[in-house]
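The values are calculated or read from the model by the stated rules, or taken from the named source; none is laboratory data. Owing to the predicted nature of the structure, the values given are computational and were not obtained by experimental measurement. Cβ sites come from the backbone with ideal geometry, for glycine too, and all protein chains shown count toward neighbours. Please note that ligands, DNA and RNA were not included when accessible areas were found on the heavy atoms of the full protein model with its side chains. Shrake-Rupley method; radii C 1.70, N 1.55, O 1.52, S 1.80 Å.
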Amino acid sequence: MKVGVPYVLFETRAGRYGVDAYFSMRVERVERRATLIRKAEDLSPVDERPPLALLETDSLEGYLRALFETLYALSGESFNKRARHMRRWNIWRIIGIPTGHQRHIERDERLAKRNREALLALSILRKVLGVKGPSELEGAKIVPLGYAVFELEVKGGEVGDPVYRELFRVDYGAAMALSRLIIEEKKGLRP
């Protein structure tokens, strides 16, 4: 079964892209939104706004700027949180206070994963917007171009696209949104 996922097309000085207008608003963590940006060549433009699009062309520029600023702050915060945890643990370990070695290793792995995810998302947005930091964000030009649809192949619970497959595996909110999108597709509310 093919499911149409609505996208908002836009252009920056780096090229033409599309941002998912359905799943990006339903993911559990903000870091995962940047992975739902893809090149415009992979998308089929449509003349009017798809009925299931949750992101409007009018709010696209504000959405991308806010996402960049959030990811920029989050990537630094998650690294600082991890560093604070490791410093405290090392102090306790050096003075001989047992605090549970495996528990600290598991927490560090969780924090490291979150930090990597935030840094990856930030690097995607840096490439797409053509900026390095928040100070350059004011000069970034984002021009909405309209709407498009991405055909997502779903066969018996398996998703054809590797980006969406991984997203549905790790994000419960997105997986639930896929179920709703399939139901809406069967009702005839195709984007």
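Yes or no, residue by residue, for (1) closer than 18 Å to Glu41 by Cα; (2) outside the structural domain of Asp58 (by the TED database); (3) in contact (Cβ under 8 Å) with a residue 40 or more places away in the chain; (4) touching a Cys at 6+ places or on another chain (Cβ under 9 Å):
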residue	(1), (2), (3), (4)
Ile124	yes, yes, yes, no
Lys127	yes, yes, yes, no
Gly146	yes, no, yes, no
Lys155	no, no, yes, no
Glu158	no, no, no, no
Asp161	yes, no, no, no
Tyr164	yes, no, yes, no
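Checked against the criterion of being among the aliphatic types (A, V, I, L, M), without any contact (Cβ under 8 Å) to a residue 60 or more places away in the chain and out of contact with any His (no Cβ under 7 Å at 6 or more places or on another chain), the candidates Leu54, Leu43 yield just one match: Leu54. Tell me which residues, restricted to the stretch 19-56, are more than 15 Å from Glu184 (Cβ to Cβ) and in a helix (DSSP H, G or I). Matches in the stretch 19-56: Ser24, Val30, Glu31, Arg32, Arg33, Ala34, Thr35, Leu36, Ala40, Glu41, Asp42.
Applying the criterion of being under 18 Å from the mean Cα position of the chain (by Cα), under 19 Å from Ile142 (Cα atoms) and basic (Lys, Arg) to the residues of the stretch 8-59, the residue that is least open to solvent (accessible area, probe 1.4 Å) is Arg38.
Taking the numbered list (1) in contact (Cβ under 8 Å) with a residue 24 or more places away in the chain; (2) open to solvent by 70 Å² or more (accessible area, probe 1.4 Å); (3) among the charged types (D, E, K, R); (4) within 20 Å of Val30 (Cα to Cα) in turn, Asp171 passes all entries but (2). Of the residues in the stretch 155-166, not one is surrounded by 12 or more Cβ atoms within 10 Å (Cβ to Cβ) and in contact with a Pro (Cβ under 6 Å, 6 or more places away or on another chain).
Against the definition (in contact with a helix residue (DSSP H, G or I) (Cβ under 6 Å, 6 or more places away or on another chain), outside any helix (DSSP H, G or I) and open to solvent by less than 30 Å² (accessible area, probe 1.4 Å)), how does Val149 come out, yes or no? Can you show your working first?
On the way: in contact with a helix residue (DSSP H, G or I) (Cβ under 6 Å, 6 or more places away or on another chain): no; outside any helix (DSSP H, G or I): yes; open to solvent by less than 30 Å² (accessible area, probe 1.4 Å): yes.
Considered against the rule, which asks whether it is in contact with a helix residue (DSSP H, G or I) (Cβ under 6 Å, 6 or more places away or on another chain), outside any helix (DSSP H, G or I) and open to solvent by less than 30 Å² (accessible area, probe 1.4 Å), Val149 comes out as no.
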